Amino acid sequence: EGLQETKAEVEKLGATFVVRIGEAIDHIKALLWDADSIIMDYSYAKHQKANRKKVYDAVQNQGSFQDIYVVESDVIVPTRQASIKEEYGAYTIRPKLMKVFQKYRDFKGLLWLDNTTRIAVASDDTLEDIDALLDRLPIDKSVKPSMFYKGGYQRASQMLYAFLQENIEKFEEMN
């Protein structure tokens, strides 16, 4: 849900949008020799940390020498800017996030790209038929779409804006 919209937004900026089906590391290994740099998200979930380690190991094992950058793309405040230690609960980091929140509140979205060179990487799907794509994926088909949450860039932007306007002041006290 939302992939078609996200693809359109990415392509409007002049970037290449690619859908690959399968294990991410297998696709990444095939591209390593042609890559100048590798940029990964600094995610905190176990599976995301494991994927990041697989990429790092693949770079080391192939003997390729790309620059590797790690960025925090899922947050407003970079977590390590709020606290240098591992926090044991949301209630311990929220006050620290709120102290530096205003410094990071100016992001208006990605408005342009400096480098719009198209990359020659084939996509495994055109996203023209999402139901057909879902049938190809090894996912639990018994899980039904959410009645409340809708995917897509616009919906995510609306929810973030509403949170920042209506709930951010209460964030520090939320459970």
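The values are calculated or read from the model by the stated rules, or taken from the named source; none is laboratory data. Predicted model, so just to flag it, every value in this text is computed and none were measured. Neighbour counts run over all protein chains shown; Cβ positions are idealised from the backbone, glycine included. Note: accessible area is taken over every heavy atom of the protein model, side chains too, but ligands, DNA and RNA are not part of it. Shrake-Rupley method; radii C 1.70, N 1.55, O 1.52, S 1.80 Å.
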Once the dipole of region 12-128 is set up from charges on Cβ (+1 Lys and Arg, -1 Asp and Glu), the residue from the list Ala45, Tyr69, Thr16 lying farthest towards its positive end is Ala45
Cβ-Cβ cut-off under 13 Å around Ala90, Lys and Arg +1, Asp and Glu -1: the net charge is -2
Full extension between Leu113 and Glu23 adds, at 0.36 nm per residue less the Cα distance, a length in nm of 29.6 nm
In nm, the gap between the two label points placed 7 Å beyond Cα toward Cβ at Trp33 and Glu172 is 5.5
Scan of the chain for GluC sites (Glu not before Pro) in DSSP loops with at most 10 other beta-carbon atoms within 10 Å gives a longest site-free stretch of 1-85
Longest principal axis of the chain (C-alpha) makes with the long axis of helix 3-12 (C-alpha) an angle, in degrees to the nearest 10, of 80
Of the accessible area of the chain, computed with a 1.4 Å probe and all protein chains kept, carbon and sulfur make up a percent value of 56
For Lys53, placing the label point 7 angstrom along Cα-to-beta-carbon and taking region 10-40, residues whose amide nitrogen sits under 16 Å are 25
Counting only protein heavy atoms and rolling a 1.4 Å probe, one gets per residue an accessible area for the chain in Å² of 77
A chain fully extended from Val100 to Glu86 at 0.36 nm per residue, minus the present Cα-Cα distance, gains in nm 3.3 nm
For the pair Ser157 and Leu134, the simple spin-label estimate (label points 7 Å beyond Cα toward Cβ) gives in nm 2.5
Neighbours of Trp33 by Cβ distance under 15 Å: Lys/Arg at +1, Asp/Glu at -1, summed charge -3
Rounded to the nearest 10 degrees, the helix 153-166 long axis (Cα) sits at an angle to the longest Cα principal axis of the chain of 10
Percent of all alpha-carbon pairs of the chain at distances over 30 Å, whole number, is 33
Quick calc: nm separation of the 7 Å Cα→Cβ label points for Gln62 and Gln165 -> 4.5
Expected unfolding gain across Phe148-Ala8 under the 0.36 nm per residue rule, minus the alpha-carbon gap, is 48.0 nm
Taking the chain and counting helices only, DSSP H stretches of n ≥ 4 at -39,500 (n - 2.57) each over all residues, the nearest-500 ellipticity at 222 nm comes to -12000 deg cm²/dmol
